[in-house]
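What follows is one structure encoded as structure tokens, with my remarks underneath.
Every number here is computed from the coordinates shown, using simple stated rules; none is lab data. As the structure is a computational prediction, the values presented were derived from the model and not from experiment. Note: ideal-geometry Cβ built from the backbone for every residue, glycine included; neighbour counts use all protein chains shown.
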Amino acid sequence: MNRCILCYRCVMVADQLTDNRVHGVMDRGDHSNISTCISKAIDNEFSGNMIDVCPVGALTDKTFRFKSRVWFNKPYNAHRNCDKCCGKTTVWMFGDEIQRVTGRKDEYHEVEEFICNGCRFDHKDPADWVIEGPRKFEKDSVINQNNYTRKLEKVEIATEKNILLGRDIDRKKISMPATPLTEEDITNQQKLKNNG
């Protein structure tokens, strides 16, 4: 867990979903880490929701890990009839393949409703879902930054001439045409060309 910033979001979500504490912060100081007590597994039908709340990607989906970059996938809002959860999700598709299923997030990037592990991990077939349509992102979203349909404005950097004045003086000092060559230098260069 080298990405973890100890924000405790996963611990708070686990506390909301379970009756007992399943994991927490172990050790103290710069040796702190989030772990379960003595290699116990987190066994809960809603444990996958801890992945959605991790802000830095320290917790990842094992079925999606190293499969593709998230910006190559297209997110769609989808739902299915599930007896354990609301069934409202965002499915991330690459072509006709569902590579990842996450809970829907609101405008503040918080999970709206928790989804069960069955919806998240077991149902990767598009026939299992009712696709509602592409997910809408706000204009400043990181995922929306690759959208070049709107006109891009030219970036102009206004600099003062005084800032570049020193560079112009340095260019004149080191430029070769500003320093005329003597006849001896010209003959030496011609000899080098002929001998080389």
Going 7 Å from the Cα of residue 111 toward and past its Cβ, which residues in segment 53-78 have a backbone nitrogen under 20 Å from where you end up? 53-66, 70, 75-78
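Which value results when the Cα radius of gyration for segment 6-138 is divided by 2.2 N^0.38 Å?
1.10
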What GluC sites (Glu not before Pro) in segment 86-126 are in a loop by DSSP, with at most 15 other Cβ atoms within 10 Å of the Cβ? 107, 110, 112, 113
Mind checking which of 33, 91, 48 is farthest towards the positive end of segment 25-94's charge dipole, using Cβ charges of +1 (Lys, Arg) and -1 (Asp, Glu) about the Cα centre? 91
Rg and Dmax of segment 19-96 over Cα atoms: what are they, in angstrom? 16.0, 47
What relative contact order, as a whole-number percentage, does segment 2-82 give when Cα pairs under 8 Å and 6 or more residues apart are counted? 29
